[in-house]
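Remarks on the structure that follows.
The values are calculated or read from the model by the stated rules, or taken from the named source; none is laboratory data. Bear in mind that the values here come from a model prediction, so they are computed numbers and not experimental data. Neighbour counts run over all protein chains shown; Cβ positions are idealised from the backbone, glycine included.
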Amino acid sequence: MITEIPAFLIGQLGKNDSYAGEIAGDEIIDYALSVILRAQEIIGGRIVYIECQDKLELKEFYSRNGFKVFRQDPDDKLIQMVRLLK
Ligand SMILES: CC(C)(COP(=O)(O)OP(=O)(O)OC[C@H]1O[C@@H](n2cnc3c(N)ncnc32)[C@H](O)[C@@H]1OP(=O)(O)O)[C@@H](O)C(=O)NCCC(=O)NCCS
């Protein structure tokens, strides 16, 4: 029985406040995914996930970048969203 599935976690994604107007969040996540794709070539794996606060702006940001909510616990302040790699 499979009880654990390895996955890549993108943690603490965020802009540097001093340069917030100079880069889009989409560019940051594209960069993070490009690093993960390089790692995937070496160690495999297809699942990338993030944890974020249950806020509309953040859910829209991650949805726009291909993530879907897979865990939303009302007792937990964080939600988890997942994206599958090819
Ligand atoms: C998440 C992030 C990378 C997205 O970047 P982006 O797509 O370029 O979008 P913007 O920074 O322009 O933000 C879009 C809107 O979401 C809001 N927003 C962003 N992060 C937010 C947060 N953590 N909580 C509430 N609102 C947030 C912004 O205030 C902005 O609102 P506005 O359009 O009314 O001004 C960037 O907003 C960021 O660094 N946020 C702070 C760190 C963070 O919360 N990271 C997520 C950790 S899981």
Would you say Ile47 is surrounded by 10 or more Cβ atoms within 10 Å (Cβ to Cβ) and in contact with a Leu (Cβ under 7 Å, 6 or more places away or on another chain)? yes
Of all the residues that make up segment 15-39, how many are more than 16 Å from Phe61 (Cβ to Cβ) and not small (Gly, Ala, Ser)? 8
So for segment 29-50 (the condition being under 20 Å from Asp73 (Cβ atoms), aliphatic (A, V, I, L, M), touching a residue at least 60 places away in the same chain (Cβ under 8 Å) and more than 11 Å from the ligand (Cβ to nearest atom)), does at least one residue qualify? no
Residue in segment 1-19 that is farthest from the chain's Cα centre (by Cα), counting only those that are modelled with pLDDT of 95 or more and of a type in the set (A, V, I, L, M): Ala7
Exactly one of (1) in contact (Cβ under 8 Å) with a residue 60 or more places away in the chain; (2) within 11 Å of the ligand (Cβ to nearest atom) is unmet by Val82. Its number? (2)
